[in-house]
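Structure first, commentary second.
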Amino acid sequence: MPSKKFSSNDKQIFKASLILDKDFAIARVDERLYGSFIEHLGRSVYEGIYDPVNHKSDSSGFRLDVIEMIKKMGVSIIRYPGGNFVSGFKWEDSIGPREQRPKRLDLAWATTESNQFGLHDFCDWSKKVGSQVMYAINLGTRGVDAARNIVEYANHFGGSYWSDLRKQNGAEKPFDIKLWCLGNEMDGPWQIGQKTAYEYGRLANEAAKAMKWVDPSIELVACGSSAYDMPSFGAWELEMLDQCYENVDYVSLHRYYTNPANDTPNFLAKSVDMDAFIKTVVALCDAIGGKKHSKKKLNLSFDEWNVWYHSREQDEQILKKNRWGQSLHLLEDIYNFEDALLVGSMLITLLRNSDRVKIACLAQLVNVIAPIMTSERGCWSQTIYWPFMHASRYGRGTALHPIINSPLYSTSEFDDVPLLDASAVLGDEDTLTIFAVNRSFENDILLKCDLRAFQNLELEEHIVLHHDNVKAINTEDAPNTVVPVIRKDCRSENGNIFVQIPALSWNVLKFSVKMK
Ligand code: AHR
């Protein structure tokens, strides 16, 4: 229960408390919560993950240094090949001998796509990274036939036209792609082949039926509205789900946050909006389930989420000079420390909603609004790399509902925002991890963790990401400006653990536990 309001220039140490019990289970965290996204856009594929002329690449042209960084991040599933790109994409262009693959205009990003990296390359690359594939099909310019054919090509064992073509192209075994997106952001006017909710719902339903007839083991994500603040939001979900509810498994959500007015307290509260967005989409899904008297419950795929705004003006200039270019430096947001804090809070929000959010993709992964940047010489981590890496590594197991009592603050958009944002995960191997963000600009928080339900509790590590300058960034020349440090700074009293959470910080409290 939130308590007292404090003004932000009050320099005392604030107090907050958090109660956890193993019986406060939200859900098993689906490992696909720690997904990401690679789109044919800018330098995400070319010069990002695929660079055959670079000395750091293997014989397939895959950047080995980038693969190493992604592995360290622990990315469980990667959405591909778009995004907006997919709505004009012919998947058949991306298979077969490279020299025969056509160059096409990509209308989504006003660039030229060479198709030198395609379906086989992505599946091979994903194996090396240790990630599952989440493949988006084109429901902008294409339809049921192309949809069922790619499932046959990718997943059928053999003895049919498309599966034999896959074998001829070098992949004897099926790729066995289990998760498919039925198009991308189909209510957006910027989308090639934008549709009404009814048109999309009908098409998604028919594509879903045919795809599942080819391979009944696959799962499908229907496009929710492309943003919470789209005029079509809500009505779109109700209408399109009315058409396809029984044949799809998840509804997609996309959300990017900005801080153009440089209002950091308000920016750090944006995960409150994310939480409301998730709860609203859950309600919309359940409304249609109720209307249909269905036993089926749809879950959510938050398959694009991040901060995105730093590069907007630069992108306009690049495209003014070089429309239809290749490997342009598009959407190269340089992330600062406050972005990492919001990304931390967004991860906390996903965990707290993990009973319904089963898949989430940080958009994107390399160079394009990404935690990892590359140059010819090497690669480095942006600030947002760290909270994702920590959550992905230590946030696997059962998400627990923390009862939080925190001081509150209000911003231009949000009232009564807790200064302490937190979630917790009980791991399978006698571990308990608390993730916490202190949103206060000036005040450390003395956090009382009431963990009496756990025995032999020991704080193994307190990882802290903090920088005195919220605008601090990592660059190729100074890659370690914003990096986590490890503390061991708790005190224990009557079964309660007290930890100091510094002002403006992302924290990971890793405990070893024995259950009572
Ligand atoms: O991730 C960048 C773009 O954002 C994606 O292509 C699109 O789906 C969204 O609008």
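The values are calculated or read from the model by the stated rules, or taken from the named source; none is laboratory data. Worth saying up front: this structure is predicted, and the values here are computed from it rather than measured. No Cβ is skipped: glycine too gets one built from the backbone with ideal geometry, and neighbour counts run over all protein chains shown.
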If you take just the helices (runs of 4 or more DSSP H) that sit entirely in the range 216-326, which of them hold at least 2 residues that are crowded, with 18+ Cβ neighbours inside 10 Å and within 18 Å of the chain's Cα centre (by Cα)? 271-291
Any residue in the range 289-300 that is without any contact (Cβ under 8 Å) to a residue 40 or more places away in the chain, touching a helix residue (DSSP H, G or I) at 6+ places or on another chain (Cβ under 8 Å), assigned by TED's automatic domain parsing to the domain that holds ILE359 and within 19 Å of GLY201 (Cβ to Cβ)? yes
With criteria (1) modelled with pLDDT of 95 or more; (2) farther than 20 Å from GLN12 by Cβ; (3) in a strand (DSSP E or B), SER512 comes up short on (1)
Evaluate the following for ARG142: is it part of a loop (DSSP other than H, G, I, E, B) and either at pLDDT 95 or above or crowded, with 16+ Cβ neighbours inside 10 Å (or both)? yes
Quick check on my filter: what residues within the range 153-203 are within 23 Å of the chain's Cα centre (by Cα), surrounded by 14 or more Cβ atoms within 10 Å (Cβ to Cβ) and within 16 Å of the ligand (Cβ to nearest atom)? TRP180, CYS181, LEU182, GLY183, ASN184, GLU185, MET186, ASP187, GLY188, GLN191
How many residues does the range 354-380 hold that are more than 16 Å from the ligand (Cβ to nearest atom) and either among the polar types (S, T, N, Q) or part of a helix (DSSP H, G or I) (or both)? 3
Out of LEU351, LEU328, report the one residue that is touching a strand residue (DSSP E or B) at 6+ places or on another chain (Cβ under 9 Å) and within 16 Å of the ligand (Cβ to nearest atom). LEU328
Residues located in the range 284-309, provided they are within 16 Å of the ligand (Cβ to nearest atom) and among the small types (Gly, Ala, Ser): SER301
State which residue pairs qualify: first residue touching a residue at least 12 places away in the same chain (Cβ under 8 Å) and within 18 Å of ALA235 (Cβ to Cβ) and inside the range 177-206, second residue acidic (Asp, Glu) and assigned to a loop (DSSP other than H, G, I, E, B) in any location, beta carbons under 6 Å apart, and separation of 6 or more residues or different chains. GLN191/GLU185
